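Right, one structure below, let's go through it.
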Amino acid sequence: MKSKNHNVESENDIFQKNFKNNHSIKTFHFKGLTIEIHPEVYEPAEDTFQLIEAVEVKEGDTVLEIGTGCGIVALECARIGAEVICSDLNPHAVTLAKQNYLINKPSLKGSFEIRQGDLFSVLNKDEKFDVIIFNPPYLPTQPEDRIGGTGWFDIATDGGVDGLELTKRFIEGLSKHLKKTGHAYFVFSSLSDRKKLDEHIFNAGLKSEIMLSRLFNHEKIDIYCIRF
């Protein structure tokens, strides 16, 4: 039962206070944005910036980013004028993305909204987008590979045994929320099963192309673009 007693701190109030007092928070700058990062949230890495480089977004586009983390991809889209909704399952990420929105609000030409939830569950059934973006957990993972602890790192990186568990669910949900003329972008690792991925895209009635590929040590990271 929710309390109406304003003298009682809510769980979110307590979390916000702890968040602001957390000295582990670091800050960096990117394309005019100031971004805070947090130890319980996936930190932007090479795949993040590769994704930003590959995604094509125009002013006025409606954009959905799933698994926003610190919010850097969604904020970059809003900075250039897109109308952005982003989401994350991790409550720490939702709070962090809100904080980064408030820091960067004066620099944004478009709009920005953050929701908490899993994949497309945060949307109304009639919400459709010009662009949908997802940097999924893509590492093939066995139970013994999981770090444990709070579990948020595992959720951010664990792609299941074949590395495609979340990616397949993402592809299956696109038909309900991607406009017929729209494009969806996601990150793929060569450590996962490419043949299985391509079959899943084909079976969903979608077309795909690789927009940008980069080699990091012995792993190739591809940014896929899929459309109807």
Exactly one condition in (1) of a type in the set (D, E, K, R); (2) farther than 20 Å from S111 by Cα; (3) over 15 Å from the mean Cα position of the chain (by Cα) is false for E43; which is it? (3)
Can you give me the number of residues within segment 118-138 that are part of a loop (DSSP other than H, G, I, E, B), of a type outside the set (D, E) and either modelled with pLDDT under 95 or surrounded by 15 or more Cβ atoms within 10 Å (Cβ to Cβ) (or both)? 7
If you go through segment 160-177 one residue at a time, do you hit one that is modelled with pLDDT of 95 or more, within 14 Å of the chain's Cα centre (by Cα), part of a strand (DSSP E or B) and of a type in the set (A, V, I, L, M, F, W, C)? no
Suppose we keep only residues that are within 18 Å of F28 (Cα to Cα), in contact with a Ser or Thr (Cβ under 7 Å, 6 or more places away or on another chain) and not charged (D, E, K, R) within segment 79-109. Which one would you say is surrounded by the most Cβ atoms within 10 Å (Cβ to Cβ)? A97
Can you report the number of residues in segment 195-209 which are aliphatic (A, V, I, L, M) and in a helix (DSSP H, G or I)? 2
Write out, first by first residue and then by second, each pair whose Cβ atoms fall under 6 Å of each other, whose residues are 6+ apart or on separate chains, and whose first residue, in segment 174-202, is charged (D, E, K, R) while the second is at pLDDT 95 or above. K179/K128; K179/D130; K180/F228
Residue ID - surrounded by the fewest Cβ atoms within 10 Å (Cβ to Cβ), chosen from residues in segment 59-75 that are in contact (Cβ under 8 Å) with a residue 60 or more places away in the chain and assigned to a loop (DSSP other than H, G, I, E, B): D61
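The values are calculated or read from the model by the stated rules, or taken from the named source; none is laboratory data. What you see is a predicted model; the values in this text were computed from it and never measured. Note that each Cβ is placed from the backbone with ideal geometry, even for glycine, and that neighbours are counted across all protein chains shown.
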